[in-house]
Structure formats: C-alpha cells, structure tokens
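Below is one structure, written out as structure tokens; the observations come after it.
The values are calculated or read from the model by the stated rules, or taken from the named source; none is laboratory data. The model shown is predicted, which means the values in this text are computed figures rather than measured ones. For neighbour counting, all protein chains shown are included, and Cβ atoms are generated from backbone atoms with ideal geometry for every residue, glycine included.
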Amino acid sequence: MLLLSAGALVLSRGTGPVAVPVPTVTAGVAAACARVVSLLPDRLVGAPRRATTPPSGLTRAWDTRPVQVLRCGTGRGAADLLPADYEYDVDGVAWFREVQLAPARDGLRRWTTRVGPGLEIRVPDGGERDLINAGTDALRGLRR
C-alpha cells in the first residue's frame, strides 16, 4: 500500500477500491464533472477501471501498475501554481506538473489543469501521456 502526499490518497495493488479524497465542489461543478467523468475511458493502457472509495462521481482510478487516479473539481487557480511548474499543452488544454524537490517515494507525479471544472491526475513519472490525453478528450466533450 502506498500513501501519497496529496491528502489521504492511498494506492494499493489488488482488486479492492482505491481510496481517493473527493473534492468539495458546488452543484455546477459537480454537474460539469459528471459529464467529464462520463467521457473517460473504461480502460486505460489496457487496464480496467477500479472502484474508488468513498464512491464518487468525481473520481476515477485504473488498475495500471501503479494505479493511476483522476479527480475532477479540483479547480486549481494560478495562485496555486509555482513558476517552475512544467506546462504540457494538448490541443489547447494546458497541464501543469507539480514541482517536487525530491523524487516521490512511489514515483507518482500530480498533474493539474484549470480548464473546465479542473482535473488532477496522479501518474507514474514519465507516464502521463495516456491519462492526460483521456482527460483532454473528456474536457473537449464538455465544450460540445
């Protein structure tokens, strides 16, 4: 079991639910997140989705190794971003990587976008492409 620095996010190998903190959001953000999350794939890099606990329409996890997690409704503002954050642009959706002064114990990094309701993902270092692309596709679906 791995405990991450971002809240009480716990990633475990196995078949049980993945503990993911649920963001506190307004009704409008919850509705936007419901749409975004409904557009996410059931499989990510061939791995099936895993249940999250507590159950929420604002979170998703996939049984990759290690588990990859998405939270919707994080809404990070510019004041939360450090100038050294790395920007990764996918079709006009800017993603920012959390600056880490030392490598994370679990090798995971947090990426966020402020587009729409705001998404946060936790992925292996260097393995962000698939979940960033899936999140970007879901956000583009929100604009339709």
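Here are the numbers for this structure:
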item: Complete set of residues in region 40-55 that are of a type outside the set (Val, Ile, Thr), over 18 Å from residue 137 (Cβ atoms) and touching a Pro at 6+ places or on another chain (Cβ under 9 Å); result: 50, 51, 54, 55
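To keep it simple, each residue is scored yes or no on (1) modelled with pLDDT of 70 or more; (2) more than 20 Å from residue 44 (Cα to Cα); (3) not in a loop (DSSP other than H, G, I, E, B).
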residue	(1), (2), (3)
84	no, yes, no
88	yes, no, yes
94	yes, yes, yes
104	no, yes, no
109	yes, no, yes
112	yes, no, yes
117	yes, yes, no
120	yes, no, yes
123	yes, no, yes
